[in-house]
Amino acid sequence: MPLAIVIDSDAYNEMDDQFAIAYALCRPGQLAVQALLAAPFLNERVNSPADGMARSLTEMRRIRDLCNSQVPLFGGSASYLPPDGGHVESPACDELIRLAMAVPQGRRLYVAAIAALTNVASALLKAPQIKDRIAVYWLGGNARDFADQNEFNLRQDRRAAQVVFDSGAPVVWFPCRGVSSHLSLSLWEAIHWMQGKNQLADALVQLMRQNCTTGMGQSRILWDMAPIAALCNPQCIRSVPVPAPLITEWCMHFAPERHSVDYVQMIMRDQVFADFFAAIGDFSPDVQPIQR
């Protein structure tokens, strides 16, 4: 039976979210995507976290439509968690709670969180009981032995990350630098294995053309594919239990008395991309290959 999942994404931030969402929607035998949730983000591409969330919602709709999917989309938090406590109301927060509470007894809703954890943390703060009904697969932070924890998804909302780690919900933690950074793809590989397969494949290749440096030896890290790959095929990762981290501005502390989370320490890059190319290439037989 496919795993019931939701994807929480800042899809307008980079191009890796689009690859991750397409991967999930093209593996219906493994993943039953229940909803796409838009997360806030702020960088040079947008004017505010709310603008980042709204643009991400639009971009997720574009990728969903390319996948011929009817998966519902929900706007998320317009701001990060307030530092003095409380959560942020949003349709995404409420939908995550609703889906979690609808999961049959003994099963879980898997949350592929590939952005700041504001929406997920808000849902856990508003309805703490969902900790027993969800499992969070989060891409964020860096490897434990990396020089610092100044990573984008983490620094956008450090309080949200701490809320999720402290919630008691099962967490599978995918560090960026040192682990998920192995998921590097060259434009040549994308063209060779994807171009001309169908409209979705060509759209993803075009994204790479627009966002990749094409010099000798150049590639692009598709970080956000890591949680989706692990949900499709758990054998592509190796993880170990570690104490749930205590997060400060620049680093994490690991107190041995803390409860455990699953820390991904290795991901099989070749295995991931072989399955991804197969999923995209086999996508939707009613979508005709592009004629060239």
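Throughout, read-outs are computed from the coordinates displayed, never taken from laboratory work. Everything numeric in this text was worked out from a predicted model, so none of it was measured. For neighbour counting, all protein chains shown are included, and Cβ atoms are generated from backbone atoms with ideal geometry for every residue, glycine included.
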Residue among A39, S260, L246 farthest towards the positive dipole end of the chain, charges placed on Cβ | S260
At each listed q (0.14, 0.33 Å⁻¹), what is the log10 of I(q)/I(0) that the Debye formula gives for region 135-183 modelled as equal alpha-carbon point scatterers?
-> -0.32, -1.27
Rounded to a whole number, the Stokes-Einstein D of the chain in µm²/s (Kirkwood radius over Cα pairs; 25 °C; 0.890 mPa s) is 129 µm²/s
Do me a favour and compute the ellipsoid semi-axes for region 137-292 from its Cα gyration tensor, root of five times each eigenvalue, largest one first, whole Å.
-> 34, 17, 13
In deg cm²/dmol and to the nearest 500, what is the mean residue ellipticity at 222 nm of the chain if only DSSP H runs of at least 4 residues count, each as -39500 (n - 2.57), divided by the residue total?
-> -10500 deg cm²/dmol
Cleavage-rule hits, trypsin sites (Lys or Arg not before Pro), region 1-103, DSSP coil, Cβ neighbours within 10 Å at most 14 = R45
Report the relative contact order of region 3-281, percent, no decimals, based on alpha-carbon pairs under 8 angstrom and at least 6 residues apart.
-> 19 percent
To the nearest Å, what is the center-to-center distance of region 50-84 and region 216-232, using C-alpha atoms only?
-> 20 Å
Of N150, L222, L25, which is farthest on the positive side of the dipole of region 3-281, counting Cα position, with +1 on Lys and Arg Cβ, -1 on Asp and Glu Cβ, and the Cα centre as origin?
-> L25
